[in-house]
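Asks: Take this structure first; my questions come after.
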Amino acid sequence: MSAPSDSFDTAQVPEPKVSEREARQVAEAAREQGWRKPSFAKELFLGRFRLDLIHPHPAPPAEDVRRGEAFLATLREFCETRIDGAQIEREARIPDEVVDGLKELGAFGMKIDRKYGGLGLTQVYYNKALALVGMANASIGALLSAHQSIGVPQPLKMFGTQEQKDAFLPRLARTDISAFLLTEPDVGSDPARLATTAVRDGDDYVLDGVKLWTTNGVVADLLVVMARVPKSEGHKGGITAFVVEADSPGITVENRNAFMGLRGLENGVTRFHQVRVPAANRIGPEGAGLKIALTTLNTGRLSLPAMCVGAGKWCLKIAREWTAAREQWGKPVAYHEAVGEKISFIAATTFALEAVVDLASQMADEDRNDIRIEAALAKLYGSEMGWLMADELVQIRGGRGFETADSLAARGERAVPAEQVLRDMRINRIFEGSTEIMHLLIAREAVDAHLAVAGDIIDPDKTLSDKAKAGAQAGAFYARWLPKLVAGAGQLPNSYAGFHPKGHLDLSAHLRYVERTSRKLARSTFYAMSRWQGRMETKQGFLGRIVDIGAELFAMSAACVRAEMLRTQGEHGREAYQLADVFCRQSRIRVEELFTRLWSNTDDVDRKVVNGVLVGTYTWLEEGVIDPSGDGPWIADATPGPSERDNVRRPIR
């Protein structure tokens, strides 16, 4: 690496300013184009219930199971004997000896191939391991997930050169911690406004900018950094991915951030000032950074719902033990209907969420299907349902749910950290794509087939000739597609009879419901596109409900398929059928409510109120407010330049 040049000035590179249309074009260009493999969820949104893509439930090879179970046993012992979750909560830090112990176990190399020193676990067992450590302490789950799901190993595995893999993967498998740096103080889910620059200078790129919410960034050894390469002669430019040594001159970790939950999270603010990065450390070509990030997340998103499964299992255990011990009005509180329905929700939802995660993970391992929508649905559904389960547990525990574990122990009761789990789970609705962004991302993929045949009709930049050609193409597509949405297997009483074995509950009725409802969902989407056309993308409330219906249908399908798999394996089949049945009944109620809200809602009047709020129409409503907020700007200054703060980076060695 050549020495820094004080004369090299990148401050002259202007911060990008983009229009809404330009921002959408950047996001669209980063999407994985085309569908080379089948997708169960994509077909579901099109009204085609392809049960054959998920049933029989895919099964892992015996050797993968043996190695995976052996590691889980070792990891469980470590979690039970070496991790003190209460200590991490009190000290707001994962002890170095715990991190070192996880390195020795190979936990940082779970997804790294064995030829590089990793464990080479499947996605299924990687997720089971994250669920396990997440139950011990959620911050540890986040540490390992950020390192392997979105950190350096995964993009290198998918897009790195052989030289990069040889240089970095052995380090990442055993000694080095990695972080992923995309977000900036004024850039979240709109990467078109990315301000960090990477300017080519000889054999190096020179990085300048500030990155926010860098999970693992405080302790990382290697970073994946997304930066904008200016377009110039011989350089395509665009957002580009780099592997950066965290101790490079010019890098300053300016702050370790603190949050309402995940108190052990090593998340910071990182400033780059004329940081020289060898061109050999660029991952993929210039301009491919966002595509690399999104492709990495296709499976990386499965880690978060996996930890939600672990939290659900813990919530169920505590709810069972507590409601059996706590008596009110002459009987355990579990037998009071108001509490019992919460227990039923937690049990059924945990079963279904595990079904979703295991199914999507096994499909990822087999690599026969395109699971970009399935993984996104798992993340969306897991984060929302995980939060609800934690919230219901706090309610079941009452005042003890609101009390800290240390306070409970101090007065002689079991130290149950229900309020901590609730705080820890809240970030999942924001991490790796907020619920609102996930709705839009999934909706875009769900209507891809429509845009492929009819997109030019509503594109203002297309000529009349292009629109006419698109109209003819769309007419042919819809002439074939729409009639298939009228009737299907869901209307035949004997369909999916294999899901109604003798002596078990009838799950075939739920699958028939999914088939019928998927066609109804597709019809609703088509009607909305016909009605709103180019304005469809602004109907975020409608699109969110469409996606939520799809998520419920996917979860119902996964729950039924998992129950049947467990029945055929002789593992709690009867009980699994019971859980799948009650989940589907609960889910169907939610689906019907969502369909009602597609067309009966307050979206239009809400928009009017929002406009009034922003122009000050209702400021009288705020009179008398006492605002405890401190002074300072809403968004911190991220002007490139040298750091004026101490470096709080804390490598663990």
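The values are calculated or read from the model by the stated rules, or taken from the named source; none is laboratory data. All figures in this text were calculated on a predicted structure; none of them were measured in a lab. Note that we place each Cβ from the backbone using ideal geometry, even for glycine, and neighbour counts take in every protein chain shown. These accessible areas exclude ligands, DNA and RNA; they are computed on the full protein's heavy atoms, side chains included. Shrake-Rupley method; radii C 1.70, N 1.55, O 1.52, S 1.80 Å.
Asks: Based on Cα positions only, what radius of gyration and what Dmax would you give for segment 135-277, in angstroms?
Replies: Reported Rg and Dmax, both Å: 15.1, 53.
Asks: Tell me the Rg and the Dmax, in Å, that the Cα atoms of segment 157-237 produce.
Replies: Considering segment 157-237 through its Cα atoms, Rg and Dmax are 14.3, 41 Å.
Asks: Between SER189 and ASP100, what is the label-point separation in nm under the 7 Å Cα-to-beta-carbon projection?
Replies: Inter-label distance under the simple model: 4.2 nm.
Asks: Between GLU571 and ARG174, what FRET efficiency comes out of the Förster formula 1/(1 + (r/R0)^6) with R0 = 41 Å and r the beta carbon distance, rounded to 0.05?
Replies: Details: r = 35 Å, r/R0 = 0.86.
Approximately 0.70, to the nearest 0.05.
Asks: As an exercise, use a Förster radius of 30 Å and the Cβ-Cβ distance of SER465 and VAL486 to find the FRET efficiency, rounded to the nearest 0.05. Walk me through the numbers on the way to the answer.
Replies: Details: r = 34 Å, r/R0 = 1.12.
That gives a FRET efficiency of 0.35.
Asks: According to the Cα gyration tensor, what semi-axes, each the square root of 5 times an eigenvalue, does the equivalent ellipsoid of segment 311-363 have, listed from largest to smallest in whole Å? Provide the component values of the computation, followed by the final result.
Replies: Details: eigenvalues 166, 20, 5 Å².
So the equivalent ellipsoid measures 29, 10, 5 Å along its semi-axes.
Asks: Follow-up question, since we're still on this one. 222 nm [θ] for the chain, helices only, -39500 (n - 2.57) per DSSP H run of 4+, per residue, to 500? Intermediate results must be reported in sequence, preceding the final value.
Replies: Values: 23 runs with 343 residues, N = 653.
Roughly -17000 deg cm²/dmol at 222 nm, from the helical runs in the chain.
Asks: Between TRP329 and VAL610, how high is the FRET efficiency from 1/(1 + (r/R0)^6) when r is the Cβ-Cβ distance and R₀ = 45 Å? Nearest 0.05.
Replies: Working: r = 46 Å, r/R0 = 1.02.
FRET efficiency, TRP329 to VAL610: 0.45.
Asks: Quick one: net charge of THR270's neighbours, Cβ under 9 Å, K/R +1, D/E -1? Could you put the intermediate results ahead of the total?
Replies: Details: positive: LYS211, ARG271, ARG649; negative: GLU254.
Overall, the nearby charge balance is +2.
Asks: Next question, about the same structure. Once you put a point 7 Å from the Cα of GLU80 and another 7 Å from the Cα of GLN33, both along the Cβ direction, what distance in nm separates them?
Replies: 5.4 nm
Asks: Same structure, new question: How much length is gained if the chain between ALA279 and ARG411 is pulled fully straight, taking 0.36 nm per residue apart and subtracting their Cα-Cα distance, in nm to one decimal? Can you show the working numbers first?
Replies: Working: separation 132, 0.36 × 132 = 47.52 nm, distance 5.98 nm.
Roughly 41.5 nm would be gained on extension.
Asks: Cβ under 9 Å from LEU294's Cβ, LEU294 left aside: what net charge do those residues give with Lys, Arg +1 and Asp, Glu -1?
Replies: Details: positive: ARG31, LYS291, ARG372; negative: GLU32.
Charge balance in the 9 Å sphere: +2.
Asks: Would you mind computing Rg(Cα) / (2.2 N^0.38 Å) for segment 426-574, counting N as its residues?
Replies: Numbers: Rg = 19.4 Å, N = 149, 2.2 N^0.38 = 14.7 Å.
Here the Cα radius of gyration is 1.32 times the empirical estimate.
Asks: So what is the diffusion coefficient of the chain in µm² per second by Stokes-Einstein at 25 °C and 0.890 mPa s, using a Kirkwood Rh over Cα pairs? Don't jump to the answer; show the numbers that get you there.
Replies: On the way: Rh = 26.6 Å.
Here the translational diffusion coefficient equals 92 µm²/s.
Asks: Would you mind telling me the share, in percent, of accessible area of segment 341-457 contributed by carbon and sulfur at probe 1.4 angstrom?
Replies: Values: 2160 of 3950 Å².
The nonpolar share, carbon plus sulfur, comes to 55 percent.
Asks: With the Cα gyration tensor of segment 492-584 in hand, give its eigenvalues times 5 under a square root as the equivalent ellipsoid semi-axes, listed largest first in whole angstrom. Show your work: numbers first, answer last.
Replies: On the way: eigenvalues 229, 37, 12 Å².
Largest first, segment 492-584 gives 34, 14, 8 Å.
Asks: Please compute the per residue accessible area over segment 241-313 with all protein chains in place, 1.4 Å probe, rounded to a whole number of Å².
Replies: 27 Å²
Asks: Express the carbon and sulfur contribution to the solvent-accessible surface of segment 517-653 as a percent, rounded to the nearest whole number, probe 1.4 angstrom.
Replies: On the way: 4330 of 8310 Å².
Of all accessible area on segment 517-653, carbon and sulfur atoms account for 52 percent.
Asks: Once fully extended, how much extra length lies between ASP637 and THR617, figured as 0.36 nm per residue of separation less the alpha-carbon to alpha-carbon distance?
Replies: Numbers: separation 20, 0.36 × 20 = 7.20 nm, distance 3.02 nm.
Stretched out fully, the ASP637 to THR617 stretch lengthens by 4.2 nm.
Asks: At 0.692 mPa s and 37 °C, plugging the Kirkwood radius over alpha-carbon pairs of segment 579-648 into Stokes-Einstein gives what diffusion coefficient in µm²/s?
Replies: On the way: Rh = 18.4 Å.
Once the numbers are plugged in, D ends up at 179 µm²/s.
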